[in-house]
Amino acid sequence: MAKKDDTILIADESGVYMLKSSVWKQHATKIEDKAAIGVVDELTRFGTYIAYIPPEFAVGFGTCCTLVNLKLILQS
């Protein structure tokens, strides 16, 4: 059986972009900061599918970001 290569579509003001999981998994930076992991754990524990994390809560990320909980989305 072929290995699954999920695709993420990203839409913003400039257009729609496609990102294959084989690419983002290869180039991703694993988060090690415990405060950052705590923010994500808290959101995912409450069943968050997607969330904007503003700079004042983006501890350990260095900037604001958007959390996309693929694990929960793909299970649904």
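Treating the beta-carbon of each Lys and Arg as +1 and of each Asp and Glu as -1, no other charges, what is the dipole magnitude of the stretch 7-75 about its Cα centre, to the nearest 20 debye?
Approximately 360 debye in magnitude.
When Lys and Arg each count +1 and Asp and Glu each count -1, what net charge do the other residues less than 13 Å away from ALA36, Cβ to Cβ, add up to?
-2
Relative to the compact-globule scaling 2.2 N^0.38 Å, provide the ratio for the alpha-carbon radius of gyration of the stretch 12-56.
So the Cα radius of gyration is 1.44 times the expected 2.2 N^0.38 Å.
FYI, it's all coordinate maths here, none of it is from the lab. Only a predicted model underlies this, so the values are computations on that prediction, with no experimental measurement involved. Using ideal geometry, Cβ is built from the backbone for each residue, glycine included, and neighbour counts are taken over all protein chains shown.
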